[in-house]
Amino acid sequence: MKKRIAVIFGGEGCEHEVSCASAAEVIKNLDSSLFLPVPVGISGGGDWYIYGGDPANIGSARWAGDGAVLTSAFPVRRGGLSGLLTPRGIRKVDAALPVLHGDLGEDGTVQGALRCAGIPTVGCGVLGGALCCDKITVKRVADAMGIPTLPWFSVTDGECRRDTLLRAADGIGYPLIVKPSGLGSSVGIATARDAAALLPALTAARRADRPGRVLIEKYLGGARELECAVLEDGEVRRILPPGEVICRGVYTYSEKYGADSRTGTVLHSEVPPEIARRIRDMTDALFSALAIRDLCRADYLLSPDGDIYLNEINTFPGMTEKSLYPGMCRESGISFTAMLTILINSALRRGNA
């Protein structure tokens with residue numbers, strides 16, 4: 001009998017459209033002989049629905065306007081049955097695949113609701129999601145483990161004295177990268193080349209990040225961005241050879257997903273074996289330390305001098321046609337369909353843990 005898989009997409013966060021595009025690709029590539037997708041959309045306002053309309057409307061993010069085929073639903077456990085509570089009762093699902101990126105989706109919030117409902121879930125649990133979705137926390141963990149990071153400091157609520165900020169910035173040296181701590185896909189990132197540019201960049205980043213947490217780090221000119229994909233299959237952790245993003249300047253949200261992007265990707269980067277080995281070892285250590293499960297993409301910066309620095313961790317990387325993660329899996333001989341089957345089967349074996 002086919003397993004019913006709740007494919008969750010959309011969300012309140014700033015990556016709603018990217019999540020929808022990823023989910024459309026996931027649904028298209030599920031093994032139809034094994035799984036029956038149950039599309040579950042979260043609107044921009046946070047309402048949950050089972051979507052019964054044209055799957056093409058998911059990819060274009062038009063699904064929420066199709067009211068005739070929306071059924072209110074939310075994860076629940078009642079009378080020993082786990083599933084989605086609808087006006088007509090509980091609709092059973094066997095597992096959930098949260099195709100959600102960034103805040104209010106990848107950060108442990110949705111994972112907590114699914115855990116309480118007793119639904120096996122692909123990807124990180126509450127702890128791993130919360131840790132990895134906060135860039136400041138990831139930097140602190142990496143520093144404690146001895147994994148190299150670029151010089152950085154953080155600004156949080158109550159820590160925004162102008163003189164303190166400028167002294168910290170001067171200590172690192174311009175130019176600087178200013179990032180909202182809890183957002184993904186390079187949302188809200190800006191480059192500050194001097195103190196005059198730093199203050200407005202900080203203000204914008206604090207507005208974008210709901211708790212107002214901001215990471216400020218040294219800009220590394222001439223760096224190569226290398227990305228390492230991980231796919232767990234039971235007790236076997238596959239750490240794939242690094243890919244590479246070819247981008248002029250900072251890899252912003254518009255460069256990732258904009259129609260006029262000039263950014264390219266390489267699914268298997270040409271790097272010395274020693275560099276690839278070091279990236280593999282650091283990724284393996286971070287995967288365990290940050291309570292990551294099933295999959296992730298770890299991003300690094302390689303300096304012109306050959307030094308490697310951790311950039312960030314994505315616990316549910318993009319699954320769009322342009323996304324590196326499914327492409328890197330394919331390059332290593334794992335098709336999109338096979339990758340999804342591995343992930344779902346891992347969640348089913350693990351159960352509600």
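The values are calculated or read from the model by the stated rules, or taken from the named source; none is laboratory data. Note that the structure is a prediction, hence the values are computed from the model and not measured. Glycine also receives a Cβ, built like all others from the backbone with ideal geometry; neighbour counts cover every protein chain displayed. These accessible areas exclude ligands, DNA and RNA; they are computed on the full protein's heavy atoms, side chains included. Shrake-Rupley method; radii C 1.70, N 1.55, O 1.52, S 1.80 Å.
Things to note:
- When segment 180-229 is limited to residues that are among the hydroxyl-bearing types (Ser, Thr, Tyr) and not in a strand (DSSP E or B), the one that is farthest from LEU267 (Cα to Cα) turns out to be THR203.
- The lone exception for TYR257 - which of (1) surrounded by fewer than 23 Cβ atoms within 10 Å (Cβ to Cβ); (2) modelled with pLDDT of 95 or more; (3) aromatic (Phe, Trp, Tyr) it fails: (2)
- Screening the candidates TYR300, TYR309, TYR325 for the property of being among the aromatic types (Phe, Trp, Tyr), more than 21 Å from GLU106 (Cα to Cα) and touching a strand residue (DSSP E or B) at 6+ places or on another chain (Cβ under 8 Å) yields one hit, TYR309.
- Looking at ALA142, ALA61, ALA96, just one residue is farther than 30 Å from ILE216 by Cα, within 19 Å of the chain's Cα centre (by Cα), of a type outside the set (Lys, Arg) and not in a strand (DSSP E or B), and that residue is ALA61.
- Boolean, CYS296 is open to solvent by less than 30 Å² (accessible area, probe 1.4 Å) and either farther than 24 Å from PRO98 by Cβ or at pLDDT 95 or above (or both): yes
Yes/no per residue for (1) crowded, with 19+ Cβ neighbours inside 10 Å; (2) farther than 19 Å from LEU215 by Cα; (3) touching a helix residue (DSSP H, G or I) at 6+ places or on another chain (Cβ under 9 Å); (4) charged (D, E, K, R):
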site	(1), (2), (3), (4)
THR86	no, yes, no, no
THR121	yes, yes, yes, no
LYS139	yes, no, no, yes
PRO151	no, no, yes, no
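- A Cβ distance below 6 Å, combined with a sequence gap of six or more or placement on separate chains, defines the contacts here; from segment 30-58, residues that are aliphatic (A, V, I, L, M) reach residues that are open to solvent by 30 Å² or more (accessible area, probe 1.4 Å) and part of a loop (DSSP other than H, G, I, E, B) in the pairs LEU36/LYS2.
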